[in-house]
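*Asks:* This is the structure I have questions about; it appears just below.
The values are calculated or read from the model by the stated rules, or taken from the named source; none is laboratory data. What you see is a predicted model; the values in this text were computed from it and never measured. Here the Cβ positions follow ideal geometry from the backbone for every residue, glycine too, while neighbour counts run over all protein chains shown.
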Amino acid sequence: VLALAQLAMTYGDQAAVNGILADGAASVLLCATSQEATHAWTAFKNGLVRRGLRPGQSRYEMPRRPTVLVAAEASPTGRATTLRTADAQLSQPGALVLVTDDLAGLNGAMARLPVTRLAPLCADALVWALRQTHSATGKLSEDALRAALPADAALARMGTALVGLALRERGPLRVARKLAELVAPVAPDTDGPTLEDLPGLGEAGPRLAQIVTDVAAYRVGQLGWGEVERGLLFAGPPGTGKTLLAAALARSLGASFFPTTLGDMQKRDSGGSKVTQEMSALFDSARAATAGGGLAVVFLDEIDSFASRDRPHDHNTSYFTSVTNTLLTQVTEALDCEGIFVVSATNFPDHLDPALIRAGRLGARIDVRPPTVRQIPGVLRYHLGDDLAGTDLAPAARAAAGLTQAQLAERVTAARRRARAEGRAMSLDDLLV
Ligand SMILES: Nc1ncnc2c1ncn2[C@@H]1O[C@H](COP(=O)(O)OP(=O)(O)OP(=O)(O)O)[C@@H](O)[C@H]1O
Ligand SMILES: [Mg+2]
């Protein structure tokens, strides 16, 4: 219904729609994302094409049924197939409307078709749609509703999944309040270490510092967003600080942070939405956080749990395929959006879907390892704080060779505990066990 409202705003009046659907007419409707394209296509088919009939007229009396096709990442048939069908339809007498999120694939005659951009979501469209869907009587207090809704500029940036979350609320006013809540700016979390605070980062140190420098250059207009490395994969054994590193990167960038795992999304799944919707909503939130020049880091932890699509078939294959496909689409679209980083982490870099970690997606792999003996004193110092101030930690480092960051943290905690239990100050010996 909402997409229908957007279509109405796009084309203006029934006469314009009739023009689009007249025999011989052919046009392209351009949408911002593949989800939006799919919604617009559904609305077109269910709403406009059927309503295009005059009252009392049977659809068999229509000269010809217009063909409405959708070419987008999430389209039912592949993009290439749809484009071929559309191209063939051009030589047919019936009308053609191609709904797409990308003009790049259109060649030849298709490339010369008139293009209309789908009107962005706005308060007018929402008020109209809520009247249809959320009000039994069609009456609602429009003034209160408009006052509660976010500004049109914010609505225009909301993705369909985020709007979908809000539409699950019961009354129109609650939908409006939920929308306002969902677009409220997310403050970057400042509680925790930044990259500069973390010792022993190895390869990750200079790679991530470069990103922070590049973003500073981007902010003053010296570097295009396209030049900034923004699709990352942290690969390394458990306890080496991958999760901490992602949060630290977000803090160093002053970015809003959107961490998730497949498990998190499955937990929220119980609310009736699907994992794919949860995922889309998360990416929508990140997009909303970039309104007004903000930055957002989406963090996909334990990304190996989104199984590779080429793994052996079992009863869950189709579930995982749809989740992985959504992930691919969302990652690709997010990386096209100025201000968004997608960071992922895994203990099993070899188990990932190759399409996910190719260049242009999460192609920037950064190996995260346990610290070297030379780096260990820094890591111990980080956890010791002011304890053992001035003590040379090299002997403790030699005794801890090969331990991960998490194990070193645990060693310091154990040392503190032992000293406390024995009612004395901590000594270097406590770290040598
Ligand atoms: N660079 C670091 N310096 C000091 N301590 C660190 C560092 N990185 C991580 N740690 C310590 O190690 C702990 C575990 O880190 P984290 O949870 O980020 O590891 P991980 O690589 O995500 O592990 P897993 O693969 O099991 O999820 C942190 O809570 C922190 O105490
Ligand atoms: Mg982790």
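*Asks:* On the given criteria, is Met279 without any contact (Cβ under 8 Å) to a residue 40 or more places away in the chain and part of a helix (DSSP H, G or I)?
*Replies:* no
*Asks:* Also: Within the stretch 213-246, how many residues are surrounded by fewer than 21 Cβ atoms within 10 Å (Cβ to Cβ) and within 16 Å of ligand 1 (Cβ to nearest atom)?
*Replies:* Here the count works out to 5.
*Asks:* Sticking with this structure for a sec: Give just the number: which of (1) in contact (Cβ under 8 Å) with a residue 24 or more places away in the chain; (2) out of contact with any Asp or Glu (no Cβ under 9 Å at 6 or more places or on another chain); (3) not in a helix (DSSP H, G or I) does Leu403 not satisfy?
*Replies:* (2)
*Asks:* Being within 23 Å of Leu282 (Cα to Cα) and either part of a loop (DSSP other than H, G, I, E, B) or within 16 Å of ligand 1 (Cβ to nearest atom) (or both) is the filter here, so list the residues in the stretch 160-193 that pass it.
*Replies:* Arg168, Glu169, Arg170, Ala184, Pro185, Val186, Ala187, Pro188, Asp189, Thr190, Asp191, Gly192
*Asks:* Show me the helices (runs of 4 or more DSSP H) found entirely inside the stretch 195-273 where at least 3 residues are in contact (Cβ under 8 Å) with a residue 40 or more places away in the chain, under 22 Å from Leu328 (Cα atoms) and away from ligand 2 (no atom under 16 Å from the Cβ).
*Replies:* Hits in the stretch 195-273: none.
*Asks:* Please work out if Arg381 is more than 36 Å from the chain's Cα centre (by Cα), of a type outside the set (A, V, I, L, M), in a helix (DSSP H, G or I) and exposed (fewer than 15 other Cβ atoms within 10 Å of the Cβ).
*Replies:* Taking the combined requirement at face value, the residue does not satisfy it.
*Asks:* So which residues in the stretch 326-359 are in a loop (DSSP other than H, G, I, E, B), under 15 Å from the mean Cα position of the chain (by Cα) and more than 17 Å from Leu295 (Cα to Cα), if there are any at all?
*Replies:* Leu356
*Asks:* Arg157 - would you say it is of a type in the set (Lys, Arg), closer than 18 Å to Ala3 by Cβ and modelled with pLDDT under 85?
*Replies:* Judged against the criteria, Arg157 is a match.
*Asks:* Separate question: Please give the number of the condition Val297 fails out of (1) crowded, with 18+ Cβ neighbours inside 10 Å; (2) over 13 Å from the mean Cα position of the chain (by Cα); (3) within 16 Å of ligand 1 (Cβ to nearest atom).
*Replies:* Exception for Val297: condition (2).
*Asks:* Something else about it: Taking the criterion of being surrounded by 22 or more Cβ atoms within 10 Å (Cβ to Cβ), within 16 Å of ligand 1 (Cβ to nearest atom) and β-branched (Val, Ile, Thr), would at least one residue in the stretch 260-272 satisfy it?
*Replies:* No - not one qualifying residue is present in the stretch 260-272.
*Asks:* Okay, moving on. Could you say which residue among Thr100, Thr81, Thr77 is among the polar types (S, T, N, Q), crowded, with 17+ Cβ neighbours inside 10 Å and within 24 Å of Leu328 (Cα to Cα)?
*Replies:* On inspection, the qualifying residue turns out to be Thr100.
*Asks:* Same structure, new question: Out of all the residues in the stretch 136-151, is one or more at pLDDT below 90, part of a loop (DSSP other than H, G, I, E, B) and in contact with a Pro (Cβ under 6 Å, 6 or more places away or on another chain)?
*Replies:* yes
*Asks:* Would a scan of the stretch 416-426 turn up a residue that is under 37 Å from the mean Cα position of the chain (by Cα), free of Cβ contacts under 8 Å to residues at least 60 places away in the same chain and either outside the structural domain of Ala216 (by TED's automatic domain parsing) or surrounded by fewer than 17 Cβ atoms within 10 Å (Cβ to Cβ) (or both)?
*Replies:* No.
*Asks:* Which residue is modelled with the lowest pLDDT, if the candidates are limited to the stretch 1-59 and must be within 21 Å of Leu106 (Cβ to Cβ), among the small types (Gly, Ala, Ser) and buried (at least 21 other Cβ atoms within 10 Å of the Cβ)?
*Replies:* Ser34
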